[in-house]
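Visitor: Once you've had a glance at the structure underneath, I'll fire off some questions.
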């Protein structure tokens with residue numbers, strides 16, 4: 001009995017930490033949770049990934065509510081991500097059934113290291129481009145004339161379009177367009193930016209969704225880096241929008257894992273402190289994210305991911 005109480009306490013504290021980190025740097029927390037489940041809890045990969053995805057749902061749900069109230073989520077960008085990430089997460093979750101524990105650890109380490117390197121390289125490239133930052137308005141000087149000269153038919157104002165069939169049809173008709181966006185958050189901060197390559201966002205969302213379902217992490221490591229460093233979308237907008245999208249991609253992948261793994265009473269007990277802690281941590285992470293600078297968020301993201309990848313590799317192969 002004492003052992004169960006101790007484990008519940010450890011899971012609760014761990015999930016709070018994961019919720020803080022995940023909602024601060026937009027990685028969902030699975031990069032921290034899966035190694036914890038594998039090496040500390042000694043869970044099989046399928047169960048570790050499944051619990052991770054459901055914990056991410058709780059974590060991102062709490063953070064998303066705060067971000068929605070602050071009016072910093074771009075719902076048009078959200079649909080560009082989630083419509084492609086969710087089916088890919090389902091595919092990745094199905095494939096994960098056919099990989100054993102040792103192979104999983106190796107694949108997980110490799111993917112995490114690559115994501116971290118991609119994050120750091122993209123951030124460095126963005127810095128070299130001398131992008132102007134003014135209250136998190138990110139506009140690339142070399143591109144502004146080209147974007148401004150785009151015809152009015154291409155610069156679509158999605159603010160007055162509903163989220164039904166009409167919205168989807170208009171989006172696909174203008175999939176290669178430069179889409180001008182403008183948001184004003186609850187505090188009065190204004191964000192002006194462009195969604196330059198919608199189809200590229202779709203492709204990266206597919207990759208991120210597949211990885212999410214396959215190894216049980218969030219989609220933020222891949223998609224977040226692309227949106228901030230390549231698309232140059234303000235980090236607060238990008239990360240907040242991705243956190244909301246992670247709810248749906250994680251639910252899709254989590255239920256596939258749930259169908260494959262043997263759901264025991266112990267697993268259900270574990271979910272309670274994990275989800276409770278994740279909700280608390282997500283609220284704290286959402287607050288902390290407002291206090292950090294844009295570039296700081298991306299650097300933290302890259303270095304945390306790389307360190308975790310190498311640490312897991314060492315634990316797997318250098319015993």
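The values are calculated or read from the model by the stated rules, or taken from the named source; none is laboratory data. Computed from a predicted structure; not experimentally measured. Neighbour counts are summed over all protein chains in view; Cβ atoms, including those assigned to glycine, are modelled from backbone coordinates with ideal geometry.
Visitor: Give segment 195-230 a look and list any residue that's modelled with pLDDT of 85 or more, buried (at least 23 other Cβ atoms within 10 Å of the Cβ) and outside any helix (DSSP H, G or I), or say none.
Guide: Selection gives 216, 217, 219.
Visitor: Name every residue in segment 256-272 that is at pLDDT 80 or above and over 25 Å from the mean Cα position of the chain (by Cα), in order of residue number.
Guide: Selection gives 269 alone.
Visitor: Can you find even one residue in segment 175-189 that is part of a helix (DSSP H, G or I), modelled with pLDDT of 80 or more and surrounded by fewer than 19 Cβ atoms within 10 Å (Cβ to Cβ)? Please lay out each step first, then the result.
Guide: The initial filter retains those residues of segment 175-189 that are part of a helix (DSSP H, G or I), namely none.
No, segment 175-189 contains no residue that is part of a helix (DSSP H, G or I), modelled with pLDDT of 80 or more and surrounded by fewer than 19 Cβ atoms within 10 Å (Cβ to Cβ).
Visitor: I would also like to ask the following. Considering only residues that are part of a helix (DSSP H, G or I) and surrounded by fewer than 22 Cβ atoms within 10 Å (Cβ to Cβ), which ones fall in segment 231-245?
Guide: Scanning segment 231-245 gives no hits.
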